[in-house]
Structure formats: structure tokens, C-alpha cells
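Notes follow the structure.
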């Protein structure tokens, strides 16, 4: 039986992703044309200083349905994700990262779960990141699942391959400005009583651009936000 098509707003943060931007947008557009009745792609340019704004402007002209939202200054990952959540207009929201480490054609793998769940969380089948970053992620995920009661709900907290109903956003006010945003999104959905399902997706090495997630400043900010938001979200 054919799956019903959804109305999907897809967005991704992009900070200095000039080499990844065009292939990601092209693949997203092709995928959503196939899977969605109505769709939009939102590039959230988080104050990039390379050719990302120039390329984004060209893609907007090339593909109807693509929008470019730019921050004048870099606000960090959480700030970019919050902008994407605010800008998304359709019934379902999908978000990923701008680094091309996921195959966005695998959105199709999430759709069967979306028939019975409000929030479909991807998890990386074989995470293609350096050992130290995977170790950090394991420790962070264990801490977060323990603090917020996410054991049995989501195994890959920060996997940037999520599909969820827009009402999760409509009923929430997000505070995080850094990497804590993924945790906040999940915890707020859990507190609202929404049903979760998980789907494994493939993960690939970054071929261009520079990772920022392992930056000590990023990690410190995540921990500060974790303890600041714990009292609000638990």
C-alpha cells in the first residue's frame, strides 16, 4: 500500500558550507518532490563568511520552494535551529545538518513510522565521526537520557535527522542557543505526551567544510545550557 504524502517543511543550519550547500539543496528538492504533496526547503544561513549566502541566493532563484533566511551574525547551532523551527510553515517539519553527512533521500524511511508517531527520530547506524567525538557523544547522550528520562525513547539524542509534527513547535518555547537544542526539542515533545518512533539512517564522513561540534567552547556552552534548562525541562 502506498504511503500517504505529507506536507513537509525541511530546513538545515548552514555556517560556512559553500561546498555542501548546492548538493544538499538539490537532493532535498528532488526527494521532497517525490515524497510530499506540498514542501519547502529553508536554508538557515547562520552568519556565514564564505560564499554560502551567494550560493543560497542563486538556489532560491533556481528552485521555487527554496527559501534563504540569513543571520547577520553567527548565533550558534541552537539559534539557527530555532530560526528554522520558527520559519517552517507546513504540517510536518524535517531538519538535518548542512554538512552532507546524511542521505536526505532516506526521509522516505521515516514515513512509515510517521503514520503512527508524532515524532520520528533518526539514529545513526554507523556514526562516521572521529573516536573522540563519538566518545563525547556517548557520554553526553547517557547523561541527557538519565537526567530527562529519555531512556527507551531516543538512543541518538543529537542525530540531525528528525521528522515531527508542527504542533510540537507550536506548543513550545525553545530557549537553547547551542547544541542543547536537540535535547530540548525531544524533552519538550516528551512532556507534551507525543509518541516517538526511531528509524536507523546512514551516516557518512564529512567531505568538505569544518566541524564545530567538538569545539571546547561549543561543549562548554552545551553544559551551561544543560544545567540552566534542567530545572525547567525535567
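List of remarks:
- Residue count for the stretch 91-126 satisfying the condition of being touching a strand residue (DSSP E or B) at 6+ places or on another chain (Cβ under 9 Å), within 24 Å of residue 16 (Cα to Cα) and surrounded by fewer than 18 Cβ atoms within 10 Å (Cβ to Cβ): 1.
- Complete set of residues in the stretch 193-210 that are more than 20 Å from residue 76 (Cα to Cα) and touching a helix residue (DSSP H, G or I) at 6+ places or on another chain (Cβ under 7 Å): 194, 197, 199, 201, 202
- Scanning the stretch 207-221 for residues that are at pLDDT 75 or above and either farther than 20 Å from residue 138 by Cα or under 16 Å from the mean Cα position of the chain (by Cα) (or both) yields a single hit, 207.
- The criterion of being outside any helix (DSSP H, G or I) and at pLDDT 80 or above does not hold for residue 184.
- Residue match in the stretch 87-108 (condition: at positive phi and free of Cβ contacts under 8 Å to residues at least 60 places away in the same chain): no
- Test for residue 75: is it in contact (Cβ under 8 Å) with a residue 40 or more places away in the chain and more than 19 Å from residue 206 (Cα to Cα): yes
- Within the stretch 141-171, if we keep just the residues that are assigned to a loop (DSSP other than H, G, I, E, B) and modelled with pLDDT of 90 or more, the residue that is farthest from residue 91 (Cα to Cα) turns out to be 159.
- Exclusive hit being farther than 17 Å from residue 123 by Cα and touching a residue at least 24 places away in the same chain (Cβ under 8 Å), set 168, 144, 154, 187: 168
The values are calculated or read from the model by the stated rules, or taken from the named source; none is laboratory data. Predicted model only: the values in this text are computed from it and were never measured. Using ideal geometry, Cβ is built from the backbone for each residue, glycine included, and neighbour counts are taken over all protein chains shown.
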